[in-house]
Structures are given as structure tokens and as C-alpha cells.
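What follows is a short report on a single structure.
Computed from the coordinates by the stated procedures, all read-outs in this text should not be read as laboratory data. Remember, predicted model here, so these are calculated numbers, not experimental data. Cβ placement follows ideal geometry from the backbone for every residue including glycine, while neighbour counts extend to all protein chains displayed.
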Amino acid sequence: MKIKESAENYLEAILMLQKQKGHVRSIDVANYLGFSKPSVSVAMKAFREDKYVDVDGEGNLSLTAKGMEIASKMCERHEIIARALMALGVSEATAYEDSCKIEHDISSESFEKIRLFLEKMTEN
């Protein structure tokens, strides 16, 4: 099942915040993405029901294996596309902003070719 871009952004944000802070609450996701707390709460309820996210008794969010798979994929795409854009001379800020848009729509084939090209380029 393909999930929507907004869901990918939420899951990626949870992973990024976990890496930064060690624990994540809904308010952290709201602040990180610039969304309202009620909007994030609705999304987290849907993610819990669909088994992408777990919430402990203290309100801390954690990605399930299913959620982690998607979040990791988005993080990898985000980073590799940004690095490729910077290698082409795009500023870091613009590269990361643009990669966030591209990562959701690029085909697996095109992404893989970019990843391989970047690997070859950095080997030399």
C-alpha cells in the first residue's frame, strides 16, 4: 500500500526527532513540521490504528517496524537527493528544501541511478 506524502513527512519527522532528542511527543512533531497540535493528534491516532506508530503511557511516540521502514526510506532519499543537488552546485539550504519535495515523487529507478552516480562520483 502506498501512503500519502503527508504521512511520509510525519514518519520522517518522527525519525529525525528521535535521532535528535531520543524521545518524541506529538507536540515535538507539531513544532517540527509547523502544524497544529490537534492536526498532529489526529494523524497520530490514524498512525497508531494503521500500526505505523506506538505511543507509551507517557505520550512518547515510537515508530513500529512498518513505520521505520517508510521513515528510513524517506530519510535516505532526502539525504542522497540533497547531496546530489549540492554536488551540482545548489546551495545547502535550497538542496535540502528541494530534496524534501523530490523524495516523494521520484521513481525508484531514478533514485537508484542518482544514488549510484553519487557513489561513483565520491569514489573518484
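Working ranking of peptides 96-107, 112-123 by packing, defined as the average number of other Cβ atoms within 10 Å per residue, highest first, is 96-107, 112-123. The angle between the Cα long axis of helix 108-123 and the main principal axis of the chain comes to about 60°, on a 0 to 90 degree scale.
Sorting 55-63, 80-88 by average packing, meaning the other beta carbons within 10 Å per residue, from highest down gives 80-88, 55-63. In order along the stretch 90-98, phi translates into HN-Hα couplings of 6, 4, 4, 4, 5, 4, 5, 5, 5 Hz, rounded to whole numbers, per the Karplus curve 6.51 cos²θ - 1.76 cosθ + 1.60 with θ = phi - 60° and x for Gly and Pro. Helical content of the chain, expressed as a calculated mean residue ellipticity at 222 nm, amounts to -23000 deg cm²/dmol (DSSP H runs of 4 or more residues, -39,500 (n - 2.57) each, divided by residue number, nearest 500).
Within the shell of other residues whose beta carbon sits under 11 angstrom from the beta carbon of S91, the net charge comes to -3, with Lys and Arg scored +1 and Asp and Glu -1. The angle separating the long axis of helix 5-21 from the principal Cα axis of greatest extent in the chain is about 80 degrees. Among the lysines of the chain, pairs at least eight places apart or on separate chains and with Cα atoms under 17 Å apart come to 15. Taking the alpha-carbon centroid of each part, what is the distance from the stretch 102-124 to the stretch 44-79 in angstrom? Here the two parts' Cα centres lie 25 Å apart.
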